[in-house]
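J.: This is the structure I want to talk about, given as structure tokens.
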Amino acid sequence: MVNVKILRRRVKLYIWIVIIGLILSGLTAFPLETELRLIREHLSIANPFYNWIDTIYNAIKITNRRYPYLSYGTDWLAFAHLVIAIVFIGPLKDPVKNIWVIEFGMIACVLIFPLAFIAGEIRHIPVYWRLLVLYHFTIAVSA
């Protein structure tokens, strides 16, 4: 039988990973244009993702110049990530009492898959890009 102390330590580690992931994804949702510019500058044109990154960068750049208020949506997305990270402080203190937060997180993780395929199709995101993102997400969650 697994020692309760070891199990608690493991649970807290996993919760910290979720909190840090939410904070990082929230903070990186604010400067999208700058991040994409930096990625594009450091990618070789021979890289298979260069054209996709270049297309997205130019779309965000043009949109930000013409319609800067549209980025307000990603600001709220970033804020939501930070707020959800705060919610996970409860399970960090007492995972049993706050099991509903863990269950909520698990349900949200499962819902990523239909969202990626439905919204990705509507937004014309290439299938390989959706699969790559889901693959990385699955690896991160199973760690």
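J.: Looking at 76, 100, can you tell me which residue is within 30 Å of residue 9 (Cβ to Cβ) and without any contact (Cβ under 8 Å) to a residue 24 or more places away in the chain? Spell out how you get there, then give the answer.
T.: Details: 76 fails: within 30 Å of residue 9 (Cβ to Cβ).
It is 100.
J.: Of the conditions (1) touching a residue at least 60 places away in the same chain (Cβ under 8 Å); (2) over 14 Å from residue 15 (Cβ atoms), residue 35 fails just one. Which one is it?
T.: (1)
J.: When you scan the stretch 89-98, do you find a residue that is open to solvent by 80 Å² or more (accessible area, probe 1.4 Å), at negative phi and in contact with a Pro (Cβ under 9 Å, 6 or more places away or on another chain), even just one?
T.: yes
J.: Would you mind finding the one in 86, 19, 56, 15 that is in a helix (DSSP H, G or I), under 23 Å from residue 135 (Cα atoms) and open to solvent by 40 Å² or more (accessible area, probe 1.4 Å)?
T.: Working: 86 fails: under 23 Å from residue 135 (Cα atoms); 19 fails: open to solvent by 40 Å² or more (accessible area, probe 1.4 Å); 15 fails: open to solvent by 40 Å² or more (accessible area, probe 1.4 Å).
After applying the criteria, what remains is 56.
J.: Given the conditions (1) loosely packed, with under 15 Cβ neighbours inside 10 Å; (2) over 19 Å from the mean Cα position of the chain (by Cα); (3) modelled with pLDDT under 95, report the number of the one that residue 110 does not fulfil.
T.: (2)
J.: So which of 116, 78 ends up being modelled with pLDDT of 90 or more, under 16 Å from the mean Cα position of the chain (by Cα) and part of a helix (DSSP H, G or I)?
T.: Values: 116 fails: modelled with pLDDT of 90 or more.
None of the others qualify; the one that does is 78.
J.: Checking the conditions here, which among 125, 118, 53, 89 is of a type in the set (Val, Ile, Thr), touching a residue at least 40 places away in the same chain (Cβ under 8 Å) and within 22 Å of residue 25 (Cβ to Cβ)? Reasoning before the result, please.
T.: Working: 125 fails: touching a residue at least 40 places away in the same chain (Cβ under 8 Å); 118 fails: touching a residue at least 40 places away in the same chain (Cβ under 8 Å); 53 fails: touching a residue at least 40 places away in the same chain (Cβ under 8 Å).
Every option except 89 fails the conditions.
J.: Right, here's the next one. Need the failing condition index for residue 101 against (1) assigned to a helix (DSSP H, G or I); (2) touching a Phe, Trp or Tyr at 6+ places or on another chain (Cβ under 9 Å); (3) under 27 Å from residue 129 (Cβ atoms), just the number.
T.: Here residue 101 clears every test but (3).
J.: Right, here's the next one. Restricting the stretch 25-53 to residues that are under 16 Å from the mean Cα position of the chain (by Cα) and either among the acidic types (Asp, Glu) or in a helix (DSSP H, G or I) (or both), which is surrounded by the fewest Cβ atoms within 10 Å (Cβ to Cβ)?
T.: Kept after step one, since they are under 16 Å from the mean Cα position of the chain (by Cα), are these residues of the stretch 25-53: 25-32, 35-36.
Then keep just the ones that are either among the acidic types (Asp, Glu) or in a helix (DSSP H, G or I) (or both); that gives 25-27, 32, 35-36.
Details: 25: 15, 26: 18, 27: 12, 32: 18, 35: 14, 36: 18.
That would be 27.
The values are calculated or read from the model by the stated rules, or taken from the named source; none is laboratory data. Owing to the predicted nature of the structure, the values given are computational and were not obtained by experimental measurement. Cβ atoms come from the backbone with ideal geometry, glycine included; neighbour counts cover every protein chain shown. To get the accessible areas, we keep the full protein, side chains included, count just its heavy atoms, and leave off ligands, DNA and RNA. Shrake-Rupley method; radii C 1.70, N 1.55, O 1.52, S 1.80 Å.
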